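Only one structure is covered here, and it is reproduced in the block below.
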């Protein structure tokens, strides 16, 4: 666990002050103890804590609303090409795999995921609950590459599944399935498309020729701006809108048992599952405290995401603890802001950096090289890639439409087997262009992904080399 992420929750949490208890009038019985409303200072602290706790689920729901404008729930949406610079639905997207994603609504009945035989090709179908925890990850690493059927059931479902079908129980009714299938460049797309066309999602009642579930009514019109990213949309919410959305999500997506202490804080703040949260009925000073706490929490999340913690001493942060978060609410919120939909470390490990070897922020106007010795290439059983992002965690327009390079590309290795990747805005001369990762003219950051990492990576015994400025 990274210290900067672990400490984020405390960084955004002010000391919670409990008001004294008042005594009821004496009617000959023991005085009743009544809990007083939190002071404005305590309310600000509660608001900051609860905002950090709630942020991933609210961001999830906004992402769901945005994406289901185009594709209904319980339906796959396949990306047939790698994302480009116009893609803003998800922060920190990858250009390594073709996505097959779906938002599952398990409130009515289970949904059956069917996968074909991929004949050894690497793929994974991670299932993320409403709190952004990956609770299952069917795919080559866990279930192999032969065909299979998986029944994904909601937290309250009780029933009988077809014989031989594997059940995967979700702790929440909202689930994001973010399937990824390895694609070895554009020439490999047709083969991946054939597999994508065989991925299926089927309601249990329709399985085996059963009765089909009546179609839901057309979605209501939404005021959401489809041109904005989910991160921007959540940042634009005031505290009342944010906490109201959070409260609406709670009945179908309950907190985990380990969240009991936070659930008590929701109650003390006045958040009731399924009930709109209204700052307009509060005292003006209390309403301001709620807003100030939410604003401070979001600022701390963004600051923590941008600052990170260089655990190798050379600018890189190695993320080996993503995918499940327990009660590390600050780490979970930062991860959601940086890259909603992070995999389990066993499926993929991410390393990120915003600075060079001297601790200076990366700038597209400079020229950099990332050098791997022959015996220090990223240790991955599937493959690895290096991706560049701008300050909004989006891809950067460039003349060759290259957003990542890695082990699947035709890179030029040095005579001794080492590898140099060139990161700069201008195209490098000669043969170096084969290993060029185009940068923007201003701020940038990069992420190294290792899919199905080897144990040396999981154990923390390998780190990327420092990014060297060559100007």
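Filtering segment 245-264 to residues that are buried (at least 18 other Cβ atoms within 10 Å of the Cβ), part of a helix (DSSP H, G or I) and either without any contact (Cβ under 8 Å) to a residue 40 or more places away in the chain or over 22 Å from the mean Cα position of the chain (by Cα) (or both) leaves only 247. Taken over segment 144-161, the residue count meeting the criterion of being part of a loop (DSSP other than H, G, I, E, B) and over 27 Å from residue 382 (Cβ atoms) is 8. Do you know which residues across segment 69-86 are touching a residue at least 40 places away in the same chain (Cβ under 8 Å) and surrounded by fewer than 18 Cβ atoms within 10 Å (Cβ to Cβ)? Of everything in segment 69-86, those that are touching a residue at least 40 places away in the same chain (Cβ under 8 Å) and surrounded by fewer than 18 Cβ atoms within 10 Å (Cβ to Cβ) turn out to be 69, 72, 75, 76, 80, 81, 84, 85. Within segment 364-405, being without any contact (Cβ under 8 Å) to a residue 60 or more places away in the chain, surrounded by 14 or more Cβ atoms within 10 Å (Cβ to Cβ) and not in a loop (DSSP other than H, G, I, E, B) holds for 388, 405.
Please pick out the residue among 296, 312, 333, 287 that is at pLDDT 90 or above and either in the same structural domain as residue 177 (by TED's automatic domain parsing) or under 30 Å from residue 451 (Cα atoms) (or both). Step through it out loud before you land on a result.
On the way: 296 fails: either in the same structural domain as residue 177 (by TED's automatic domain parsing) or under 30 Å from residue 451 (Cα atoms) (or both); 312 fails: at pLDDT 90 or above; 287 fails: either in the same structural domain as residue 177 (by TED's automatic domain parsing) or under 30 Å from residue 451 (Cα atoms) (or both).
That would be 333, the only listed residue that is at pLDDT 90 or above and either in the same structural domain as residue 177 (by TED's automatic domain parsing) or under 30 Å from residue 451 (Cα atoms) (or both).
Sub-7 Å Cβ pairs linking a first residue in segment 455-466 that is at positive phi and touching a residue at least 24 places away in the same chain (Cβ under 8 Å) to a second residue that is part of a loop (DSSP other than H, G, I, E, B) and surrounded by 15 or more Cβ atoms within 10 Å (Cβ to Cβ), at least 6 apart or interchain, are 460/320, ordered by first then second residue.
Among the residues of segment 162-171 satisfying the criterion of being assigned to a loop (DSSP other than H, G, I, E, B) and modelled with pLDDT of 95 or more, which is surrounded by the most Cβ atoms within 10 Å (Cβ to Cβ)?
Taking segment 162-171 first, the residues assigned to a loop (DSSP other than H, G, I, E, B) are 162-165, 170-171.
With modelled with pLDDT of 95 or more added as a condition, the list becomes 170-171.
Values: 170: 23, 171: 17.
Among them, the one singled out is 170.
Does residue 231 qualify as being in a strand (DSSP E or B) and either closer than 30 Å to residue 297 by Cβ or at pLDDT below 95 (or both)? Taking the combined requirement at face value, the residue does not satisfy it.
For segment 175-185, the criterion of being buried (at least 21 other Cβ atoms within 10 Å of the Cβ) and farther than 24 Å from residue 121 by Cα is met by at least one residue.
The conditions of being more than 22 Å from residue 397 (Cα to Cα) and surrounded by fewer than 20 Cβ atoms within 10 Å (Cβ to Cβ) are met by residue 415.
Residue 109 meets the conditions (1) at pLDDT 95 or above; (2) in a loop (DSSP other than H, G, I, E, B); (3) touching a helix residue (DSSP H, G or I) at 6+ places or on another chain (Cβ under 7 Å); (4) closer than 26 Å to residue 229 by Cβ in every case but one. The failed one is (4).
Quick one: would you say residue 130 is within 28 Å of residue 65 (Cβ to Cβ) and surrounded by 19 or more Cβ atoms within 10 Å (Cβ to Cβ)? Here the answer is yes, as residue 130 does meet what is asked. For residue 177, state whether it is closer than 30 Å to residue 250 by Cβ, in contact with a strand residue (DSSP E or B) (Cβ under 9 Å, 6 or more places away or on another chain), at pLDDT 95 or above and not in a loop (DSSP other than H, G, I, E, B). Yes.
If residue 447 passes every condition in (1) modelled with pLDDT of 90 or more; (2) surrounded by 17 or more Cβ atoms within 10 Å (Cβ to Cβ); (3) part of a loop (DSSP other than H, G, I, E, B) but one, which one does it miss? Condition not satisfied by residue 447: (3).
All of 101, 114 fail the test of being in contact with a strand residue (DSSP E or B) (Cβ under 6 Å, 6 or more places away or on another chain), closer than 19 Å to residue 395 by Cβ, in contact (Cβ under 8 Å) with a residue 12 or more places away in the chain and assigned to a strand (DSSP E or B), apart from 101.
The values are calculated or read from the model by the stated rules, or taken from the named source; none is laboratory data. The model shown is predicted, which means the values in this text are computed figures rather than measured ones. Positions of Cβ are generated from backbone atoms using ideal geometry, with glycine treated the same way; all protein chains shown enter the neighbour counts.
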